[in-house]
Amino acid sequence: MWKLALLLYPAVATTVAINLYMAALMLRALGWMPLSPVAALLWSVPLGIPATWLAGRWLRHLLDEAAT
C-alpha cells in the first residue's frame, strides 16, 4: 500500500494545491485574504498526505473489485 501512496503523492498533492488556490480565489470575492500560488503549494505538502491516503484506499478498493 505504501508503494501506491508514493506513486500517487505527487499527483494528489498537486491536485490539492490547485483546489486550494481555486478555493482561495472564490473566497476572495467574499472578502477573504488572497492565497498566493506558492502558499497553496506549501499548504498542499502536509494536506496531500491524508488526501493521498484516501485516494490510495479508493484505488485499492477499485483494484480489489476488479480482481473479483
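No value in this document is a laboratory result; all are computed from the given coordinates. Model, not experiment: these values are computed from the prediction. Note: ideal-geometry Cβ built from the backbone for every residue, glycine included; neighbour counts use all protein chains shown.
Please determine, in degrees from 0 to 90 and to the nearest 10, the orientation of helix 2-28 with respect to the longest principal axis defined by the Cα atoms of the chain, where the helix direction is its Cα long axis.
Approximately 30 degrees, to the nearest 10.
Just report the Cα centroid separation between the range 35-68 and the range 1-33, whole Å.
When both Cα centres are located, 9 Å separates them.
Between helix 37-67 and the chain, what is the angle of the helix's C-alpha long axis to the longest principal axis, kept within 0 to 90° and rounded to the nearest 10?
Its long axis makes an angle of about 20 degrees.
Take each of the peptides 29-40, 3-14, 53-64, average the number of other beta-carbon atoms within 10 Å over its residues, and list them starting from the highest.
3-14, 53-64, 29-40
What is the extension gain from residue 58 to residue 11, computed as 0.36 nm multiplied by their sequence separation minus the C-alpha to C-alpha distance, in nm to one decimal?
15.4 nm
Could you compute the FRET efficiency for residue 65 and residue 2, with r as their C-beta to C-beta distance and R0 at 25 Å, rounded to 0.05?
Here the calculated transfer efficiency is 0.75.
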